[in-house]
Amino acid sequence: MTLAVVTPYTVPAGLMDVLQAVLLVLVALGATAVVLTRAPVRQVIVLSVYGLLLALLFLVFQAPDVSLSELAVGAIVLPLLLLLGLAKVRSREK
């Protein structure tokens, strides 16, 4: 007896497990890339990509509300604020 709803759009369980594992590895690699990037502007760009990976991971784990929040905050708002802050600091240095 299956308790899950099966539709024509349902992804097979084995494929979903593989997708989750691949995204977990990509998120781990993305976090490592953020930490190892030295240039501040590049680090912000890598951080934005990391936010996109996290949003995809949450979506695959069937948390669309968390995914949308992460997409808005982690991939758009935070990098934008950091880039504006970097620009302001650099303008004061000149």
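Per-residue answers, yes or no, for (1) touching an Asp or Glu at 6+ places or on another chain (Cβ under 8 Å); (2) under 19 Å from residue 85 (Cα atoms); (3) assigned to a loop (DSSP other than H, G, I, E, B):
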{"position": "8", "(1), (2), (3)": "no, no, yes"}
{"position": "18", "(1), (2), (3)": "no, no, no"}
{"position": "23", "(1), (2), (3)": "no, no, no"}
{"position": "28", "(1), (2), (3)": "no, no, no"}
{"position": "47", "(1), (2), (3)": "no, yes, no"}
{"position": "56", "(1), (2), (3)": "no, no, no"}
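The condition (being touching a Pro at 6+ places or on another chain (Cβ under 7 Å) and not basic (Lys, Arg)) is satisfied by just one residue among 26, 84, 47: 47. Sub-9 Å Cβ pairs linking a first residue in the stretch 61-79 that is of a type in the set (S, T, N, Q) to a second residue that is outside any helix (DSSP H, G or I) and surrounded by 13 or more Cβ atoms within 10 Å (Cβ to Cβ), at least 6 apart or interchain, are 67/61, ordered by first then second residue.
Scanning the stretch 17-47 for residues that are over 18 Å from the mean Cα position of the chain (by Cα) and either of a type outside the set (A, V, I, L, M) or surrounded by 14 or more Cβ atoms within 10 Å (Cβ to Cβ) (or both) turns up 17, 38, 40.
In the condition set (1) within 25 Å of residue 69 (Cβ to Cβ); (2) free of Cβ contacts under 8 Å to residues at least 12 places away in the same chain, residue 6 is compliant with all but (1). Give the residues of the stretch 42-70 that are more than 16 Å from residue 31 (Cα to Cα) and in contact with a helix residue (DSSP H, G or I) (Cβ under 8 Å, 6 or more places away or on another chain), sorted by residue number. If the condition is that a residue be more than 16 Å from residue 31 (Cα to Cα) and in contact with a helix residue (DSSP H, G or I) (Cβ under 8 Å, 6 or more places away or on another chain), then 59, 60, 61, 64, 66, 67, 68 are the ones that fit.
The residue that is surrounded by the most Cβ atoms within 10 Å (Cβ to Cβ), counting only those in the stretch 51-88 that are modelled with pLDDT under 95 and of a type in the set (Val, Ile, Thr), is 60.
The values are calculated or read from the model by the stated rules, or taken from the named source; none is laboratory data. In this text, all values refer to a predicted model and were calculated from it rather than measured experimentally. Backbone-built Cβ (ideal geometry, glycine too); neighbour counts: all protein chains shown.
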